[in-house]
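Participant: Right, I'll just put the structure down here and ask away after.
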Amino acid sequence: MTNPHAGETPLILRYAESFRCIGSACEDTCCHGWRVPVDRDTYLRYQDLPDSPLNTLIRESVERVPEGENSGKKPLFAIIRLDSERRCPLLTSDRLCRIHLEYGEALLPHTCATYPRVIQSIGGIAETALTLSCPEAARLVLLDSALLDPERLASRAESGADPEPSSAPISGDLATKPALDAWMRPIRDEVLKIVANRDYPLWQRLFLLGIFCRRLDAVLGAAAAGEASRDLSAFLADFHAAVASGALRSSMQTLPAESRTQLDAVLHLAGLMLRKSRVEPRFLECIQAFTAGIGNGPNATLESLCAHYEAAYQRYFAPFFDRHPHVLENYLVNTILRLRFPFGRDNNAPEPERSVSRQFALVAAQFALIRGLLIGVAGYHGERFAAEHVVHTVQAASKHFEHHVEFLTLLDSWLSEKGLNTARALTILVNEPVTERVGSPAAKLSTPP
Ligand code: SF4
C-alpha cells in the first residue's frame, strides 16, 4: 500500500516559537488566581538550596500535597501557596518572578517554565500549541493573519522526523497504536487543510470535519473489528477530492439554522463550570457584556434573546469576522493542536481513541461556546466591537474553562445527556444562527446599547 501523501510537506505548526512572556506588562498574569503546581524534582531541589531570604521564602511558599488529595487525572506533588490576594508570593511588586530573576528558568517549576506552551506529539513529531488563557498567547494566535502561511510551515527536510505511514495491511493492525501512529500525521494534516479551506465558510468547514470524523470512525471501526476496511490512504485521497470538487456542498444547502437551539446551548455551556471553576473578574466582564449584548433583562424571553442574538450576529459579529477570517480559523487550528485532534490528548492511553467523532463533538462545542459568547459581546460593543474584545473574551473564557481537569469530561457528558452530540445537533451548534445575512428583517431590529 503506497502512501499517496509521500512527498507532501507535512504541516508542522511553529507559531508558538515566537511566543514571549510580557512579564510586568501582562494584563492577566498567570501568577495570580490559580494553583501553581510544583513537580517533584523541582520541590526536592528547593529543599537543598542554601539559606537565604529568597530560598527561605521559596521553602515557606511551597507545600507538599498530601497523598489523599493526590487523586484525579493530574496528581499534584506540591503547590505554591498563594497569598491573601491569590497572588504567587514569589512575584515582585512589579510582577516579575523572583525565582526567574535569581536563578533563571533552571529552578522554575515545570508548569511555570512551560506555560502557556502545550507540547503534543503527532506521528512522532513534536509540535507546540499555546493555551489562550495567556493574553499574549491569545494575541499571538488570534491576530496573526499568516498563522497557516505555508512559508511558516516547516518542510519535511527540516523536521527530518515524519516516519512513513506503515505498510501493514489496513485491517486489524490499524487498531494497534503503532500502526495508527504512522497515519496520525496524514490524517491530522487533512484536518488542517479542511480548516484552512476558504472555499467554504468556517461553519461549513466544521460540518465537513464532522463528516470526515464519522467516516474515519467507520474505517477505524472496521479495522478494529478485524473486518476488511477501506484503504486509509484511499479514504484520505477521496475525501480530499470530494472537498476540493464541492461534491459535499449539496448536503449543506438545507442544513438547519436554529438560533434558539444554538443560544440555549451557549447559555448552558457558559454556565457549565460555574460551580467548579472560580469566576475571575475578566470572565465576569465577558459574561456581563454577553448577556447585555443579547438583551438580557427582567422581561427577557428566549425569543427576545434570540432576536437580539441574531441581530448582534448579523450587524456586528459577521461583518467583523468577514473582515478578519483568520481569527476564528486560528482559534480552531490552535484548539486542534492543543487537543491533539482528532486523536485526543491522552498520548499515553494504551488504546487509541475509539471515537474521533467524540473528539469532534468536543471541538465543535468549544467553538460554539466561544463564538456564542463573541456574538453577545459584539452585540454589546456594537460598531466599536474590535480585536481587543475578541482577545479578552477568548482569553478569559479559556482561563475559566480549559484548565479545569473535569471540563472536557463534563462537556462530553452534557452533550450526550442533551442529545447534542449527533451530527445534526452539532451542525446546528456550529451553523450560522441565521440563514440570511445583513439586510434581512431581523437585521433591522435595534440592538442595545
Ligand atoms: S499570562 Fe502569559 S504573558 Fe502573562 S505573565 Fe503569564 S506567561 Fe507571561
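The values are calculated or read from the model by the stated rules, or taken from the named source; none is laboratory data. Quantities reported herein were computed from a predicted structural model and do not represent experimental measurements. Cβ atoms come from the backbone with ideal geometry, glycine included; neighbour counts cover every protein chain shown. Please note that ligands, DNA and RNA were not included when accessible areas were found on the heavy atoms of the full protein model with its side chains. Shrake-Rupley method; radii C 1.70, N 1.55, O 1.52, S 1.80 Å.
Participant: Can you go through Ser121, Ser93, Ser84 and tell me which one is surrounded by fewer than 18 Cβ atoms within 10 Å (Cβ to Cβ) and within 28 Å of the chain's Cα centre (by Cα)?
Facilitator: Matching residue, one of Ser121, Ser93, Ser84: Ser121.
Participant: If you don't mind, another one. Give the number of residues within region 133-149 that are within 14 Å of the ligand (Cβ to nearest atom) and surrounded by fewer than 20 Cβ atoms within 10 Å (Cβ to Cβ).
Facilitator: Looking only at that region, the number is 1.
Participant: What are the residue pairs meeting all of these: first residue in region 17-38, first residue in contact (Cβ under 8 Å) with a residue 60 or more places away in the chain and open to solvent by 60 Å² or more (accessible area, probe 1.4 Å), second residue more than 8 Å from the ligand (Cβ to nearest atom) and among the polar types (S, T, N, Q), Cβ atoms under 8 Å, and 6 or more apart or on different chains?
Facilitator: Taking only residues 6 or more apart or on different chains, the pairs are Glu17/Thr128.
Participant: Related question: Could you go through region 55-70 and let me know if any residue there is within 16 Å of the ligand (Cβ to nearest atom), of a type in the set (S, T, N, Q) and at pLDDT 90 or above.
Facilitator: So in region 55-70, the residues within 16 Å of the ligand (Cβ to nearest atom) come out as none.
Scanning region 55-70, I find no residue that is within 16 Å of the ligand (Cβ to nearest atom), of a type in the set (S, T, N, Q) and at pLDDT 90 or above, so the answer is no.
Participant: Scan region 290-305 for residues that are in a helix (DSSP H, G or I) and open to solvent by less than 10 Å² (accessible area, probe 1.4 Å) and report the count.
Facilitator: 2
Participant: Among the numbered conditions (1) open to solvent by 10 Å² or more (accessible area, probe 1.4 Å); (2) within 15 Å of the ligand (Cβ to nearest atom); (3) in contact with a strand residue (DSSP E or B) (Cβ under 7 Å, 6 or more places away or on another chain), tell me where Leu130 comes up short.
Facilitator: Looking at each condition in turn, Leu130 falls short on (1).
Participant: Ok, one more. Those residues that are within 13 Å of the ligand (Cβ to nearest atom) and of a type in the set (A, V, I, L, M), I need them from region 91-117; list them, please.
Facilitator: Leu91, Leu96, Leu108, Ala113
Participant: Output yes when any residue across region 23-32 is modelled with pLDDT under 90, touching a strand residue (DSSP E or B) at 6+ places or on another chain (Cβ under 7 Å) and within 16 Å of the ligand (Cβ to nearest atom), and no when none is.
Facilitator: Within region 23-32, not a single residue is modelled with pLDDT under 90, touching a strand residue (DSSP E or B) at 6+ places or on another chain (Cβ under 7 Å) and within 16 Å of the ligand (Cβ to nearest atom).
Participant: Conditions: (1) open to solvent by 10 Å² or more (accessible area, probe 1.4 Å); (2) closer than 28 Å to Ser416 by Cβ. Tyr309 meets all but one. Number of the miss?
Facilitator: (1)
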